[in-house]
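Chemist: One structure follows; several queries about it will come next.
Where a number appears in this text, it was derived from the coordinates with a stated rule and is not lab data. These numbers were taken from a predicted model, which means no experiment stands behind them. Don't worry about glycine lacking a Cβ; one is built from the backbone with ideal geometry, like all the others, and counts go over all protein chains shown.
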Amino acid sequence: MESKSYSSNLPDELWLKIFKNFHPIYDNIFHLALVCRQWRNIIIKAPDPCLWETIELANIRNCYLDSPFLSRFTFILTNFGKYVKVLRLRRCHSYFTDALKGHARRLCSLQFLEIKGTSWNKKILKELSCYKTLKNIEIEAADGDLDRTFREQDFCRLIENFPRLDQISLQYSTFKRETLSYIQDLVTCRYSSRITDLQIERAKIDPLDLNEVVQNLQGLKSFTYGNDQIHGLPSIQCLALESKSIKEMNLFQIGDFAEFRFDLPHLQKLTINLSTSLQTLTVYAPSLRVLDLVHCSELRKLSKVSSTSLHEVKIRRCSALSSSELIRFLVQNPDIKKLDLEVCFANLRLDQNSNPSLEMLSVFDSGCGLISLDIRCPKLRVLTFMKSLIHSSLLKVVAIRSEEMDSIVIRNVPHLRKLILNASKVKHLELDFDRRVRQIKPASFTTIHFQSNLSIGMLVLKKLNIRSIVINKCYVKQAVMDLCNLDASLTDMLDHFYEIESLALQNCHGPCQITVQNDSLKELQVSSCTSVLMDHINVLCPLLERLCVHGTSILPSKKEVESTAKALKKVCPQLLDVNFSH
């Protein structure tokens, strides 16, 4: 019989969509061109421009002259350079920038160029021929070599040669004595409004000089500053910045200022990381939407942040921030919809007065003694609780009140005694008690109280002994028990779940025999429960349609499966599928 190749019948448009998922350099798309003539035409002979529009390389430090990555990069520039629109080189070997300098004239359609963390030569900018297309450029502006230090004359020449260039990003990863004067020259240049992004790292600049730079760059949209002062000494200095154009600002590793005072009317996102001496944050930013505060261990005053549209807040590792100051800040910003919070005090309560618009809440227990969590936010949709990576959680009481919720995930709570959930509907509820296999809690150790008419789409219980919990009755569609001790009656627990249709037992342990009896159950899955014997699964479910047993050490024969199914159909007349597998 003659064999047929169906791959050749596919249209070129479909193959093109498939090839677009391959990286042109990392995945070596050129080997695919050797398969057949159709692929060779699509990739090399008559290539579609979309295959070569974006070239990105990152973290290729160790390189040699006959490296396959370098040879593919050079081949693309030589043969398909006219199609390249976006070119990014991040932390790559100088061989790549040397190849770029030799073939820069072929990039006649280039619109975006990024060279950061890479040793390069500013002669590349002179060789570029994309005078009418280049719109955005991001480069490393400071280097020990004079040929790679971006100065005012280079800036003016760049603007004059590329008239459509309206977004320029300058990164200063190394900072020397003369670097500040170079930046000040750029600020006073007549084209300074073209600089939209300024990143200054590992630099200790006088606050007045820094404010002068930021204030005079009229087109600056994004600003990043760090001075490597992680463990700052106690300080009384103040960093004051003013700008009418900045929309995003990132401050990191600034440990020598006790106060930040910002007047940024158009700021939309503010990130402060590792400012270990910061005590007071004063921000006037009516347009601020996102605020991230991480590792600000001395921060005490946050209520001076003035914004009318703050929607997302993240506060992590701010151990000196009191609960009263946090609540005061939340009350002043009632439009917060997403809150990511690491708690360093015993009790946390959020209600309609402090968070009337809250929709997503993530709480991280720092291990400092959080005992109770009381959340009463009417619009809350998603709640996540997790402990820190180092310390265990001592959380004992959780109370949640909302209308309808999409997801509730509570993890790593071995000491939880009471959970109260007042809601009409929850799509996904996951409770991970993180209790060890041999850690047997006394009977009725944890009480879970649900609202009487609560409907749960999926209930997931992890790492617990089912004898140690008490659950009142509610509506559950699917239930999953993972890493649980089944040393109790499953039938008694299922009686608390009205209209349950699916039950999955995963990696559970306990007795070798389990009994499942329920009038509404349609699907039962037993996966990797090694202590349960295959012929000791007693099922009394009249509506059961599917039984799947996975992870058994010994598979039954086909005759045994048929006899098991035949016996089950006597008590489960709706049974359609019985599956046993490793």
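Chemist: Could you sort out which of 116/247; 126/247; 82/122; 116/314; 116/221; 116/204 sit more than 26 Å apart by Cα distance in this structure?
Modeler: 126/247; 116/314
Chemist: Right, next: Run the numbers on the chain and let me know its relative contact order in percent, using alpha-carbon pairs under 8 Å that are six or more apart. Each step should come with its number before you reach the end.
Modeler: Values: 1440 pairs, mean separation 24.1, N = 582.
Relative contact order, the chain: 4 percent.
Chemist: Restricting to DSSP H runs of at least four residues, report the calculated mean residue ellipticity at 222 nm for the chain, -39500 (n - 2.57) per run over all residues, nearest 500 deg cm²/dmol. It would help to have the intermediate numbers written out before the result.
Modeler: Working: 11 runs with 98 residues, N = 582.
Calculated from helices alone, the mean residue ellipticity at 222 nm is -4500 deg cm²/dmol.
Chemist: For residue 366, which sequence-distant residues (separation of 5 or more, or a different chain) have an amide H within less than 5 Å of its own amide H, given hydrogens modelled in the peptide plane?
Modeler: The list, which skips near neighbours in sequence, is 343.
Chemist: Also, quick follow-up: Using the Karplus curve 6.51 cos²θ - 1.76 cosθ + 1.60 with θ = phi - 60°, work out ³J(HN,Hα) for each residue of segment 198-209 in order, rounded to whole Hz, and write x for Gly and Pro.
Modeler: Each residue's phi maps through the Karplus curve to give 10, 10, 10, 10, 6, 10, 10, 10, 4, x, 5, 5 Hz.
Chemist: Using a simple charge model, +1 on the beta-carbon of Lys and Arg, -1 on the beta-carbon of Asp and Glu, nothing else, what dipole does the chain show about its Cα centre, in debye to the nearest 20? Display every interim value, and only then the final one.
Modeler: On the way: 75 positive and 63 negative charges, 88 e Å.
Its charge dipole is roughly 420 debye.
Chemist: Tell me, what HN-Hα J-couplings in whole Hz come from the Karplus equation 6.51 cos²θ - 1.76 cosθ + 1.60 at θ = phi - 60° for each residue of segment 327-340, using x for Gly and Pro?
Modeler: 5, 4, 5, 5, 5, 6, 10, x, 8, 5, 10, 10, 10, 10
Chemist: Additional query: What is the sum of charges, Lys and Arg at +1 and Asp and Glu at -1, for the other residues whose Cβ falls under 11 Å from the Cβ of residue 155?
Modeler: Details: positive: 122, 151, 157, 190, 194; negative: 152, 154, 160, 185.
It works out to a net charge of +1.
Chemist: What is the count of Lys pairs in segment 351-472 whose alpha carbons sit under 27 Å apart, if the two are 8 or more places apart or on different chains?
Modeler: Value for segment 351-472: 28.
Chemist: Once Lys and Arg get +1 and Asp and Glu get -1 on their Cβ, which of 451, 44, 99 lies farthest toward the positive end of the dipole of the chain?
Modeler: So the residue we want is 44.
Chemist: Same structure, new question: 5 Å is the cut-off here: which amide hydrogens, built 1.01 Å from N in the peptide plane, fall below it relative to residue 451, excluding neighbours closer than 5 in sequence?
Modeler: Amide H neighbours of residue 451: 421, 423.
Chemist: Same structure again: Taking the Cα centre of segment 414-478 as origin, work out the dipole magnitude from +1 charges on Lys and Arg Cβ and -1 charges on Asp and Glu Cβ, in debye rounded to 20. Could the numbers behind the result be given before it?
Modeler: Numbers: 13 positive and 3 negative charges, 36 e Å.
Computed about the Cα centre, the dipole is about 180 debye.
Chemist: Along segment 349-359, what does the Karplus equation 6.51 cos²θ - 1.76 cosθ + 1.60 (θ = phi - 60°) give for ³J(HN,Hα), rounded to whole Hz, x for Gly and Pro?
Modeler: Karplus values, whole Hz, x for Gly and Pro: 10, 10, 9, 5, 6, 8, 9, x, 10, 5, 10.
Chemist: Still on this model: So how strong a dipole does segment 501-581 carry about its Cα centre when Lys and Arg Cβ are +1 and Asp and Glu Cβ are -1, to the nearest 20 debye?
Modeler: Working: 7 positive and 8 negative charges, 43 e Å.
It works out to roughly 200 debye.
Chemist: Return the distance in nm (one decimal) between the two label points of a simple spin-label model at residue 353 and residue 178, each offset 7 Å from Cα along Cα→Cβ.
Modeler: Result for the modelled spin labels: 6.3 nm.
Chemist: Please give me the summed charge of the neighbours of residue 403: other residues whose Cβ is under 15 Å from its Cβ, Lys and Arg +1, Asp and Glu -1.
Modeler: Numbers: positive: 376, 379, 381, 401, 425, 427; negative: 351, 359, 404, 406.
Net charge around residue 403: +2.
Chemist: Report the relative contact order of segment 501-581, percent, no decimals, based on alpha-carbon pairs under 8 angstrom and at least 6 residues apart. Show your work: numbers first, answer last.
Modeler: Values: 162 pairs, mean separation 23.8, N = 81.
Result for segment 501-581 is 29 percent.
Chemist: By a straight-distance test (C-alpha under 15 Å), which aspartates and glutamates pair with residue 132 as possible cross-link partners, with residues fewer than eight away in the same chain excluded?
Modeler: Here the aspartates and glutamates satisfying the reach criterion relative to residue 132 are 160, 166.
Chemist: What's the angle, to the nearest 10 degrees (0 to 90), between helix 68-80's Cα axis and the longest principal axis of the chain?
Modeler: Between helix and principal axis, roughly 60 degrees.
Chemist: May I pose another question? What residues qualify as long-range amide H neighbours of residue 517, i.e. H under 5 Å apart, gap of 5 or more or another chain, H built at 1.01 Å from N?
Modeler: Here the answer is 491, 540, since their amide H atoms fall under 5 Å of that of residue 517.
Chemist: Where in segment 132-214 are there GluC sites (Glu not before Pro) that are in a DSSP coil and have at most 16 other Cβ atoms within 10 angstrom of their Cβ?
Modeler: On the way: sites: 138, 140, 152, 160, 178, 201, 212; in loops: 178, 201.
Sites meeting the loop and neighbour criteria: 178.
Chemist: So for segment 130-208, taking the charge dipole from beta-carbon charges (+1 Lys/Arg, -1 Asp/Glu), which of 136, 183, 199 sits furthest toward the positive end?
Modeler: Checked the options; the winner is 136.
Chemist: Continuing with this model, one more query. Choose one of 274, 284, 60: the residue whose Cα lies farthest towards the positive end of the charge dipole of the chain (beta-carbon charges +1 Lys, Arg; -1 Asp, Glu; about the Cα centre).
Modeler: My answer, from the dipole projection, is 60.
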